[in-house]
Amino acid sequence: MVKKQNTRAAYKPDHPYLKTLSIQKSSGFGRNKMLAMRSAVIIALFLLEGVVMLAVVDSKISHSPIKSDVAVVAKSPKAKPKTEVKAVSEPALPAPALAVSDMSLVIPKLFINAPIDPVGLNTKGEMATSPSLQRLAWYKDGAVPGQIGTAVFAGHYGGPNEIGVFRSLDQLKNGDVLEVKSKAGKIQKYSVYNIGKYALADVPLQELFNKNDGKYLNLVTCVGTWSNGTSSYDQRYIVFSRLIE
């Protein structure tokens with residue numbers, strides 16, 4: 001026997017069954033709505049938690065020392081340049097025979113002990129002189145004292161109110177001794193063998209500068225009459241000496 005299912009139409013409007021059925025439906029709908037709201041809240045809380053976690057992680061990364069170092073390097077690199085030491089072979093320069101004041105002339109008889117400076121030629125093509133009245137000039141393009149050839153030392157005579165280093169050179173005689181002393185203390189001794197006074201045009205240049213059959217040292221200074229036209233004296237006084245070996 002089939003049980004007949006009742007519908008709302010089979011009951012009167014004020015039937016108690018209809019009220020019960022309405023309450024049940026209303027209650028079911030409410031429960032479903034409540035579940036939906038709870039689910040939405042849970043999902044929202046889950047999403048909010050994810051956002052917060054991402055923000056924290058990003059904040060930690062942004063304050064990471066590694067990230068800061070990278071940023072600084074990228075903005076202003078402070079890489080130190082590499083220093084490479086390479087061996088450079090430079091050509092050896094020839095050592096000068098004698099440097100400034102590496103030697104001095106000593107004349108015991110005249111109480112002279114004068115430093116010597118190397119010189120060349122002046123603008124007139126003549127042997128230059130020392131700017132000091134108390135120093136000697138050595139013609140460096142000639143022979144070095146102690147070597148074959150003729151070394152030449154020039155010294156000032158001075159003026160009426162100024163006394164040069166060779167003012168008393170005319171007191172030397174043949175046989176007197178001259179000494180050339182090096183900075184290291186080595187002494188070369190020369191003996192005077194000839195003395196001459198010459199007019200400027202008659203100076204024996206070959207014997208003065210270019211005698212090559214021995215080791216010679218010649219001393220020269222100005223004497224005679226002063227000429228304003230040439231700004232010099234009109235004579236030369238020369239002492240010729242040879243090395244004592």
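Every read-out reported here was derived from the displayed coordinates using simple, explicitly stated rules and does not represent laboratory data. Note that the structure is predicted; figures quoted are calculated from it, not measured. We place every Cβ from the backbone using ideal geometry, glycine too, and count neighbours over all the protein chains shown.
Based on alpha carbons, the Rg and Dmax found for the range 155-245 are 14.4, 44 Å.
Put in line by how crowded their Cβ is, counting other Cβ atoms within 10 Å and starting with the fewest, Asp176, Asp234 read Asp234, Asp176. Here the contact order of the range 131-245, divided by its residue count and restricted to Cα pairs under 8 Å and six or more residues apart, works out to 29 percent.
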